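The values are calculated or read from the model by the stated rules, or taken from the named source; none is laboratory data. Just so it is clear, the structure is predicted and the values come from calculations on it, not from any experiment. Heads up, the Cβs are rebuilt from the backbone with ideal geometry, glycines too, and the neighbour counts pull from every protein chain shown. Please note that ligands, DNA and RNA were not included when accessible areas were found on the heavy atoms of the full protein model with its side chains. Shrake-Rupley method; radii C 1.70, N 1.55, O 1.52, S 1.80 Å.
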Amino acid sequence: MAQRALPAGTVTFLFTDIEGSTRLAQDLGDGYVEVLAEHRRVLREAFAAHHGVEVDTQGDAFFVAFASAVDAVRSAIDGQRALSDGPVRVRMGLHTGEAAVGDEGYVGVDVHRAARICAAGHGGQVLLSASVANLIADVDMHDLGEHRLKDLFAPLRLYQLGHDDFPPLRTLNFTTLPVQSTPLVGREQELREVQLLLREHRLVTLVGAGGTGKTRLALQAAADASDDFPDGVFWVPLAQVSDPLSVGPAMASAVGSSGGLDGRLAGKRLLFVVDNFEQVIDAADTLAKMLDDSSTVKVLVTSRELLRLRSEYAFPVPTLPHGDAVALFTERARAVDPSFDADAAVDAICRELDGVPLAIELAASRIKALSTEQLLQRLGHRLRLLTANARDAPGRHQTLRATIDWSHDLLTVAERDLFARLAAFAGAWTLDAAESICAADIDTLEGLVSKSLVTHHDGRFGMLEMIREYAAERFELLDDRERVAAQHAGYFLDFAERTANDVTLGDPAAWRQRAAEDGNIKRALDHLAVAGSADLELRMAVAAWMFWFVQASWDECVRRLEHAVSRSVDPTRERALALRALSWIKGRQHHADAADSLGAEALALAQQLGDDQLVGFCLRSLSVLETWKPGGGDVLRKRELVEQAFRITEAAGDIGGVGALLNNDAIDLRWAG
């Protein structure tokens, strides 16, 4: 088929799919490859004959676009006629709508609807939406009435080409799942996993923090799995339910029973989708009893906390992968500005928002009033910025603050106190750090993890940034926040000093530890620079600088060291080490005069302290500074510095220092040939 530019404006989308392709492949064996190739050839000829543009081909499915609804229908008729005598049974779905073309092809609701129309049909059947039917004439069609598709949008009137008999459409007419105003973006992998879990387990709980998209994922997974539940899929929202005793009646009401569930579910193959279980967690026993009494019933739950039942299988709902996050922002932004295109700022916004769907949707809703750059600049105050304009959004989703309030209100007093104290950390933290700094006990910390306000991965705890900002507000309300901050600084000062030597020597394990705690070390140093003692700030700067130096964060090193040196004027070993470190960095930055001056000051202080090991270290550093100067510096001065350093270092018994000097000499000799 000829490849042309994608049609724009009003476009008719055609999706095709082979019914029972897996079974057909098993029956035909090696012959399936030839049958599949013939099927593709026949359909491509039909599409090309009527000016279709092939948008995508995946496996045995086609996605084709037509500028004319009449052409699209004729190609479907020709394709089905050409396949009628063969073993392949193809279902087709057509829908006409407005085409929005992105970088990777068509995007938008109308594409989703066309795909869902195809999925509702059976092999040999061609389904049309009303938007297609209204554009064609003199074609034999059968009105199938209104149907809810698995995309969860409002019902569509569907038509069938011809009057052949087919089984009932695979639609949602036997469910009470709520209509959704927007399509689900991304989540293909999660949908597959949840549907697989529903086949294997009777109670599946989607657990995660507020705003991560648990409800939307559950709705779509239930819709996609609806064919497995011939007795229906029933929606049980608990957002307005606070009494655990009301859960049973709510589930009975969902299936139209006013007399409870006892004996009414026997032999029924149905699915309950129970939303927002965290606030009635004590009703978990109600679910357990129902599942014991009704062996064919299954339950899909969304909750910010696990139900902790033996039959429960937990599925932690992750935030969106970056590509899906950008796609979601773009989709929602185009709802308020159809001409919107993603840019580099959108990429940064989605990273700043941790891929949290609710946060991304709220940010995109601001695009009418703010540019993407302005949005990005304001994300430092995301809890105030990200407010929904949609009046029909649930109250807990009107703002980020509201959705976190919802979770925070469910915490015990001990959990609330620990939650606030954990805001002392920057980035992730270990259990030992939480116990030492926040007086955390494992049960309370585990409670915060189970309620999705704290994450746990590879032995470290953390928070999503939007939750961390909320916790930081609670931290400021603590009466002893200064004491907690001081304990945090003291803990990480001890860590930095304990690991400094191994980091300097390049030990891989020490580097991994140091990298993991870099945010906390900077947070601790910030506190010491403002509220701590000058001596403690100097010690921390000396212990921390080498990590930043090796990463080429030289400006960071200089800023931290200079501030510490300016505050602490006492003649101490730490001050000499800080001056020597500044001298070293200035030398690497080719500021020779500043490097010499700082190095000389460090040497003089070491001599004043009578610390021969430190004197030898400073002399060795000064000798290296000469090497970094244009032309290799003053060779005689360098040789004098090295000889002095050898004498003093050997006398001090500093074996490592002697080794370093010999290494430097070896390097010089190699350079000299």
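Tabulated data for the structure shown
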| read-out | value |
| --- | --- |
| Inter-residue pairs, beta-carbon under 6 Å, first farther than 15 Å from Gln487 by Cα and in the range 507-531, second assigned to a helix (DSSP H, G or I) and open to solvent by 30 Å² or more (accessible area, probe 1.4 Å), 6+ apart | Ala510/Asp502 |
| Hits in the range 567-604 (condition: assigned to a loop (DSSP other than H, G, I, E, B) and open to solvent by 30 Å² or more (accessible area, probe 1.4 Å)) | Val569, Asp570, Pro571, Thr572, Gln589, His590, His591 |
| Among (1) open to solvent by 10 Å² or more (accessible area, probe 1.4 Å); (2) under 25 Å from Leu328 (Cβ atoms), the one test that Ala65 misses | (1) |
| Condition met for Asp243 (over 25 Å from Leu453 (Cα atoms), open to solvent by 10 Å² or more (accessible area, probe 1.4 Å) and modelled with pLDDT under 90) | no |
| Some residue of the range 157-177 being out of contact with any Leu (no Cβ under 6 Å at 6 or more places or on another chain), among the aromatic types (Phe, Trp, Tyr), touching a residue at least 40 places away in the same chain (Cβ under 8 Å) and open to solvent by 60 Å² or more (accessible area, probe 1.4 Å) | yes |
| Out of Asn501, Asn520, sole residue that is part of a helix (DSSP H, G or I), touching a strand residue (DSSP E or B) at 6+ places or on another chain (Cβ under 9 Å) and of a type in the set (S, T, N, Q) | Asn520 |
| The range 178-197 - residue that is among the charged types (D, E, K, R) and open to solvent by 40 Å² or more (accessible area, probe 1.4 Å) and, of those, modelled with the lowest pLDDT | Glu188 |
| Count of the range 336-351 residues which are part of a helix (DSSP H, G or I) and buried (at least 18 other Cβ atoms within 10 Å of the Cβ) | 3 |
| From Ser294, Ser257, residue being without any contact (Cβ under 8 Å) to a residue 40 or more places away in the chain and touching a Lys or Arg at 6+ places or on another chain (Cβ under 6 Å) | Ser257 |
| Residue selected from the range 142-156 under the condition closer than 24 Å to Gly108 by Cα, without any contact (Cβ under 8 Å) to a residue 40 or more places away in the chain and in a strand (DSSP E or B), by the criterion least open to solvent (accessible area, probe 1.4 Å) | His147 |
| Check on Leu493, open to solvent by less than 50 Å² (accessible area, probe 1.4 Å) and of a type in the set (A, V, I, L, M, F, W, C) | yes |
| Positions within the range 605-636 being open to solvent by 50 Å² or more (accessible area, probe 1.4 Å) and modelled with pLDDT of 85 or more, in sequence order | Gln607, Gln608, Leu609, Gly610, Asp612, Gln613, Phe617 |
| Residue selected from the range 647-665 under the condition of a type in the set (A, V, I, L, M, F, W, C) and under 55 Å from the mean Cα position of the chain (by Cα), by the criterion least open to solvent (accessible area, probe 1.4 Å) | Leu661 |
| Helices (runs of 4 or more DSSP H) fully within the range 410-483 counting 2 or more residues that are surrounded by fewer than 20 Cβ atoms within 10 Å (Cβ to Cβ) and touching a residue at least 60 places away in the same chain (Cβ under 8 Å) | 465-475 |
| The range 127-141 - residue that is open to solvent by less than 50 Å² (accessible area, probe 1.4 Å) and in contact with a Phe, Trp or Tyr (Cβ under 9 Å, 6 or more places away or on another chain) and, of those, nearest to Asp164 (Cα to Cα) | Leu127 |
| Positions within the range 527-555 being open to solvent by 40 Å² or more (accessible area, probe 1.4 Å) and acidic (Asp, Glu), in sequence order | Asp535, Asp555 |
| Candidate set: the range 212-236, residues that are under 28 Å from Glu465 (Cβ atoms), open to solvent by less than 10 Å² (accessible area, probe 1.4 Å) and touching a helix residue (DSSP H, G or I) at 6+ places or on another chain (Cβ under 7 Å); chosen: the one modelled with the lowest pLDDT | Thr212 |
| Residue list for the range 630-668, restricted to those being in a helix (DSSP H, G or I), under 25 Å from Thr504 (Cα atoms) and either touching a His at 6+ places or on another chain (Cβ under 8 Å) or aliphatic (A, V, I, L, M) (or both) | Leu641, Val642, Ala645, Ile648, Ala651, Ile655, Val658, Ala660, Leu661, Leu662, Ala666, Ile667 |
| Every residue from the range 568-590 that is at pLDDT below 90 and over 20 Å from Thr504 (Cα atoms) | Ser568, Val569, Asp570, His590 |
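Residue-wise test of (1) charged (D, E, K, R); (2) under 22 Å from Gly490 (Cβ atoms); (3) modelled with pLDDT of 90 or more.
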residue: Ile521; (1), (2), (3): no, yes, yes
residue: His527; (1), (2), (3): no, yes, yes
residue: Ala531; (1), (2), (3): no, yes, no
residue: Ala534; (1), (2), (3): no, yes, yes
residue: Leu538; (1), (2), (3): no, yes, yes
residue: Trp545; (1), (2), (3): no, yes, yes
residue: Asp555; (1), (2), (3): yes, no, no
residue: His563; (1), (2), (3): no, yes, yes
